[in-house]
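Taking it in order: structure first as structure tokens, then the write-up.
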Amino acid sequence: MPQQRQHPDNAAKQRAYRARQAQARCAEQEVRSLPPAPSLPTLPSRARWQALLAQARLFLETARDEMQSYYDDRSEAWRQGERAATLQDQLDSLGQALDELDALPPF
């Protein structure tokens, strides 16, 4: 037995799909605590950009802190190895990225 149609035509099906997608994007932005996107994509949204940069900073700091904690918890013998050197290079790169983020001019 065939299933009953939920939408009368393809146009209604597309409208429902687009509404679900828009609702999902709004929910994702709310979870991330971001201000809503501008209605026109060509209009600058300084508050949104600042929120995104603050979130990027938080992510980079969290990664750096967790990596540093991992490095500090390892033995002295491990710290002399190649993997420790690689991790230290990555920590240095994160520090540089954070410094460059700080050096950005204000909006």
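A few points about this structure:
- Label of the coordinate-derived value, mean projected area of the Cα convex hull in nm², listed as [x] 6.3; [y] 6.9; [z] 13.3: [z]
- At the listed q of 0.21 Å⁻¹, the Debye profile of segment 46-103, built from one uniform point per Cα, gives log10 I(q)/I(0) equal to -0.79.
- Fully extending the segment from Gln3 to Thr62, taken as 0.36 nm per residue of separation minus the present Cα-Cα distance, adds 16.3 nm.
- Kyte-Doolittle at least -1.0, axis length at least 15 Å by Cα - qualifying DSSP helices, the chain: 46-73, 82-103
- Cys26/Gln90 FRET efficiency (R0 25 Å; Cβ-Cβ; nearest 0.05): 0.10
- Ranked by the mean number of other Cβ atoms within 10 Å of their residues, highest first, the peptides 99-106, 50-57 fall in the order 50-57, 99-106.
Readers should treat all values here as calculations from the given coordinates under stated rules, not as data from a laboratory. Everything quoted here is computed from the prediction, not taken from an experiment. Glycine gets a Cβ as well: all are built from the backbone with ideal geometry, and neighbour counts include every protein chain shown.
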